[in-house]
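Report on the following structure.
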Amino acid sequence: MDRPNYITPTGYAALRAEYDALLGGERPKLVEVISWAAGNGDRSENGDYIYGRKRLREIDRRLGWLSRRMKAAKVVDPAQQEDRARVFFGVTVTIADENDNQRTLVLVGDDEADAAAGSVGWSSPFARALRGAAIGDLRRVALPAGEREYEVIALTYP
């Protein structure tokens, strides 16, 4: 990876929990089912065997991805941020557009971004435009619907 994979402690714990659940829970049970299905004879028309092998490949692929992401992760605790007057990783920022419509966003790691919940990935256009901004600063954000200007209204860190 050419840039660090910043992640909050909570986000890293979620990746770790998913990895442990797949490796210690779902995968062993699935291997057991596949082994049982393979012992039933003809594998070409055995749905349990065919589906089980397919699901096992999906789990192994996900485990590999999770492992790589955790290895590349740089855990950053937003509560330890020294400069709380500017937008940095982990901040909860309130912004307003030209029509005074306000939005509250939390800048988190890309692996823990959830736009519906207001969590925006660190390398998203919003986060890139807002980095380093202070209260009262105007920033332009290139969005699919066109470029918009936002004013930083409030900043809070955990």
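Couple of notes before you dig in:
- Restricting attention to region 1-45, the residues that are touching a residue at least 24 places away in the same chain (Cβ under 8 Å), hydrophobic (A, V, I, L, M, F, W, C) and assigned to a helix (DSSP H, G or I) add up to 6.
- Per-region count, region 63-82, residues part of a helix (DSSP H, G or I) and exposed (fewer than 15 other Cβ atoms within 10 Å of the Cβ): 8
Computed from the coordinates by the stated procedures, all read-outs in this text should not be read as laboratory data. A quick note: this is a predicted structure, and the numbers were derived from the prediction, not measured. Counting neighbours? That spans all protein chains shown, and the Cβs are built from the backbone with ideal geometry, glycine included.
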